1. Taking GluC sites (Glu not before Pro) as exposed when DSSP calls them loop (any state but H, G, I, E, B) and at most 11 other Cβ atoms lie within 10 Å, what is the longest stretch of the chain free of them, the sites themselves excluded?
2. What fraction of the Cα pairs in the stretch 1-67, stated in percent, has a spacing above 15 angstrom?
3. Between Gln158 and Cys131, what is 0.36 nm times their sequence separation minus the Cα-Cα distance? Round to one decimal in nm.
4. In the stretch 181-266, which trypsin sites (Lys or Arg not before Pro) fall in coil by DSSP and have 14 or fewer other Cβ atoms within 10 Å?
5. How big is the dipole moment of the chain about its Cα centre under a simple scheme where the beta carbon of each Lys and Arg is +1, that of each Asp and Glu is -1, and everything else is neutral? Debye, nearest 20, please.
6. Report the per residue volume, in Å³, of the convex hull enclosing the C-alpha atoms of the stretch 60-113.
7. Scan the chain and hand back the longest stretch that contains none of the chymotrypsin sites (Phe, Trp or Tyr not before Pro) lying in DSSP loops with at most 11 other Cβ atoms within 10 Å.
8. Can you give me the angle between helix 150-161 and the longest principal axis of the chain, using Cα atoms only, in degrees from 0 to 90, rounded to the nearest 10?
Amino acid sequence: MPTNIEWTDQTDNIIRVKGGGWWCHKKSEGCANCYADKLNKNSFFGGNKQPYSGLPPELVLDTEAIRKWGFQTKPKKHFVSSMTDVFGEWVPRFWQHEMLDGMFVTPNQIFQILTKRPEIMLLSMDEWLSCHGLDKLPLNIWSGTSIENRRTLEERSQFLAQIPALIRFWSVEPLLEDLGDITQYLNDVQLVIVGGESGPNSRPCHIEWINSIVQQCQQSKTPVFVKQLGANAKFGGQQFKTRDRKGGDIEEFPLHLQVRQFPFDA
Ligand code: SF4
């Protein structure tokens, strides 16, 4: 599906609830205002109204969508899956491997996989690599983890760093606090995406926090992509108003934050 997520070209939700909608299980502070949960509560958008909590409903893997990747001629970036976590503990391991198989045979497309459970991603990818006699993921499979605060930085980055991917990335969104010194962790990532929270009840994101991440990435020559300032951006302790509801218009960013890089010309 086409998307307005700035760092990708389309979202491919290959895991759905049988009968319609999606499901995921909230994992950490960053999930509190999960947009997918909100969308799933709305049948107008195809949701099934089941909350992102409790026990998983019956799920299906869209193997047809995976098969269609092979017919794409125009190179694109695919965010797989935006409505759930494909490395959730409830997702069968062979589904994850089927997804990786589909990506492996489609080298002209870039697949961006983002998880809040990089420890499961690590195990699953290691198994898949050894089944294929490979020691590294191909360049078109990007492995990413979400980071929202210092705790998740320390916890998740160590698992992501062990994944033998050529492109490992962080999605630091929603940024909920100042991450402090991140330089020691930057050696292990090839891209940092950063943004404040959007949507109703957005928690504040201080532009100084974003600035600190951008500066440290630039010092360590790590590509950095400022996605959005968020719907509740602050600067110097004051509200930083933007015309764009999520503060996602790059032209409204302070000049030094107008940076949207990728590891290569992706
Ligand atoms: S992991 Fe992602 S999709 Fe799942 S509940 Fe958290 S924010 Fe929502």
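The values are calculated or read from the model by the stated rules, or taken from the named source; none is laboratory data. What you see is a predicted model, and the numbers here were worked out from it, not measured in a lab. Every residue, glycine among them, receives a Cβ derived from its backbone with ideal geometry; neighbour counts consider all protein chains shown. What goes into the accessible areas is simple: the full protein's heavy atoms, side chains included, and nothing from ligands, DNA or RNA. Shrake-Rupley method; radii C 1.70, N 1.55, O 1.52, S 1.80 Å.
1. Longest stretch, sites excluded: 90-266.
2. 59
3. Extra length from Gln158 to Cys131 when fully extended: 7.3 nm.
4. Passing sites in the stretch 181-266 are Lys221, Lys241, Arg243, Arg245.
5. 600
6. It comes to 73 Å³ per residue, whole-number rounded.
7. Result for the longest clean stretch: 72-263.
8. Taking Cα atoms only, the helix is inclined about 40 degrees.
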